[in-house]
Amino acid sequence: MIEARHLRVLRAVSTTGSFSAAARELGCTQPAVSQQMKALESSAGTTLLIRTGREMRLTQAGEALVRHASGILAGLTAAEEEVAAIAGLRAGRVRLVSFPSGSSTLVPGALAALRAEHPGTRVSLVEAEPPRSVDLLRDGDCDIALAFRYGASGGEWDDLVVRPLLTDRLIGLVPEGHRLADASSVGIEELADEPWIAGCPRCRRQLVEVCEEAGFTPRIDFATDDYPAVMGLVGAGLGVAVLPELAVESVRPKGARTVSVEPAIEREIVALTLPDLARVPAVAATLDQLARAAAR
């Protein structure tokens, strides 16, 4: 295999005309130049240099290799500079996928801080709920997935790097004129006879499980993963709901009141990436900024 360091030596010999002059240009010894030329000829499988008196002359094969060496070394130098820029966070790209309430609360502050600290790093954002977002990560279609789960699911993310961000409690939403609108805390069973407005499929499944543990099955009249729509339906008096606190932070509930719900329903918010991606500087910096945004 032809090595780049051997090509650099060959080009120096071609330019200077001798091993000793090439050694001075490269800052090494003449025996080192001679040894590297022998190694290059062994890799090429043919003679590349012929000594004529005190000077070295390229063979036809040597001329061909020198002709290609300039382009190869220039490309390698450009690659090294680009990699160094990425490693030094002067450049780079991160593909982020997030669920909607994370996109409106955690992501903006994190990306603004990242841009201020590393303006050469570009981040793209698309939205998807878990488990779809996690599938995108495993399929190589994103670098970081902002996701959530209710309770520990054994083995669900064992192949991923999991960066815990925060615990997000679900809170109740009732219309302003509701009998429980002024309550500081509401037992989930007190809402057993109410029509419900449910959120995303994962949240909907968790709602049903919690209600069934409290002794009833919720009557879900409306289902939507659009949080403003949920709040609008509650505000219009069409039912009650429980939503993540992050979602309520991002949209002011008009015509609805928030109440604490017992027992507490919590979801774990995390940032996920692949083990190899976790070592990429731009990905690591984005994870750090997401963690800082969550801690505020």
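The values are calculated or read from the model by the stated rules, or taken from the named source; none is laboratory data. Owing to the predicted nature of the structure, the values given are computational and were not obtained by experimental measurement. Heads up, the Cβs are rebuilt from the backbone with ideal geometry, glycines too, and the neighbour counts pull from every protein chain shown. To get the accessible areas, we keep the full protein, side chains included, count just its heavy atoms, and leave off ligands, DNA and RNA. Shrake-Rupley method; radii C 1.70, N 1.55, O 1.52, S 1.80 Å.
Go ahead and run the numbers for FRET between Ala61 and Ala278, Cβ-Cβ distance against an R0 of 41 Å, rounding to 0.05. My answer for the efficiency is 0.35. With contacts taken as Cα pairs under 8 Å and at least 6 residues apart, region 141-290 reaches a relative contact order of 44 percent. Note on region 5-96: with charges restricted to the Cβ of Lys and Arg (+1) and Asp and Glu (-1), its dipole about the Cα centre is near 60 debye. For region 204-296, the solvent-accessible area of protein heavy atoms averages 48 Å² per residue (probe radius 1.4 Å; ligands and nucleic acids excluded). Counted as membrane-span-like here are DSSP H helices of the chain whose alpha-carbon atoms extend 24 Å or more along the helix's own axis and whose Kyte-Doolittle mean is -1.0 or above; these are 60-87, 100-117. Subtracting the Cα-Cα distance of Leu76 and Glu189 from their residue separation scaled by 0.36 nm leaves 34.0 nm.
Figure note: Arg24, Arg204 ranked by solvent-accessible area, largest first, 1.4 Å probe, ligands and nucleic acids not counted: Arg24, Arg204. Note on the chain: antiparallel DSSP beta bridges, both residues inside, total approximately 60 percent of the bridges counted. Computed from phi, the 3J(HN,Hα) profile of region 128-136 under the Karplus parametrisation 6.51, -1.76, 1.60 (θ = phi - 60°) reads 6, 7, x, x, 4, 4, 5, 5, 4 Hz, with x in place of Gly and Pro.
Across region 175-191, computed HN-Hα scalar couplings (Karplus, 6.51 cos²θ - 1.76 cosθ + 1.60, θ = phi - 60°) run x, 4, x, 5, 4, 10, 4, 9, 6, 7, 8, 10, x, 4, 5, 5, 9 Hz from first to last residue, x flagging Gly and Pro. For the residues His68, His118, a 1.4 Å probe over the protein chains yields an accessible-area ranking, largest first, of His68, His118. Note on Val208 and Thr167: the extension gain reaches 12.7 nm, defined as 0.36 nm multiplied by sequence separation minus the Cα-Cα distance.
Ordering Val134, Leu146, Ala44 by the projection of their Cα atoms onto the charge dipole of region 38-170, which places +1 on the Cβ of Lys and Arg and -1 on the Cβ of Asp and Glu, puts Ala44 at the extreme positive end.
In this structure, the amide hydrogen of Val162, modeled 1.01 Å from its nitrogen in the peptide plane, lies closer than 5 angstrom to no residue at least 5 positions away or on a different chain.
If both residues of a DSSP beta bridge must be in region 157-282, then about 65% of such bridges are antiparallel. For the chain, the relative contact order comes to 21 percent (Cα pairs under 8 Å, sequence separation of at least 6). May I ask which residue of Val162, Ala79, Ile269 lies farthest towards the positive end of the charge dipole of the chain, with charges of +1 (Lys, Arg) and -1 (Asp, Glu) on Cβ and the Cα centre as origin? Of Val162, Ala79, Ile269, it is Ala79.
Using R0 = 45 Å, the C-beta based FRET efficiency linking Ile50 and Arg90 works out to 0.50. Close amide-amide hydrogen proximity is noted between Arg93 and Arg122, each under 5 Å apart and 5 or more residues distant or on a separate chain (H modeled in the peptide plane; Pro and chain starts excluded). Per the 1.4 Å probe, what fraction of the accessible area of region 162-269, in percent, lies on carbon and sulfur atoms? Solvent-exposed carbon and sulfur of region 162-269 make up 45 percent of the total.
Only one item in (1) 150; (2) 162; (3) 197 matches volume of the Cα convex hull per residue in Å³ derived from the coordinates shown, and that item is (2). Gaussian network model of the chain, Cα springs within a sub-10 Å range: biggest mean-square fluctuation belongs to which of Leu26, Leu191, Leu243? Maximum fluctuation in the GNM of the chain, among the listed residues, is at Leu26.
Remark on Thr29: its backbone amide H falls under 5 Å from none of the residues 5 or more positions apart or on other chains, H modelled at 1.01 Å from N. Measuring only protein heavy atoms, the 1.4 Å probe finds Ser260 accessible over about 50 Å². Placing +1 on each Lys and Arg Cβ and -1 on each Asp and Glu Cβ, with no other charges, gives region 184-296 a dipole about its Cα centre of roughly 540 debye. Ranking Cys211, Thr258, Ala229 by Cα position along the charge dipole of region 155-271, where only Lys, Arg, Asp and Glu carry charges on their C-beta atoms, puts Ala229 farthest toward the positive end.
Taken one residue at a time, the phi angles of region 249-262 give Karplus couplings (6.51, -1.76, 1.60, θ = phi - 60°) of 4, 7, 9, 6, x, 8, x, 10, 10, 9, 9, 6, 10, 10 Hz. Gly and Pro are set to x.
Summing Cβ point charges (Lys, Arg +1; Asp, Glu -1) relative to the Cα centre of the chain gives a dipole of roughly 2060 debye.
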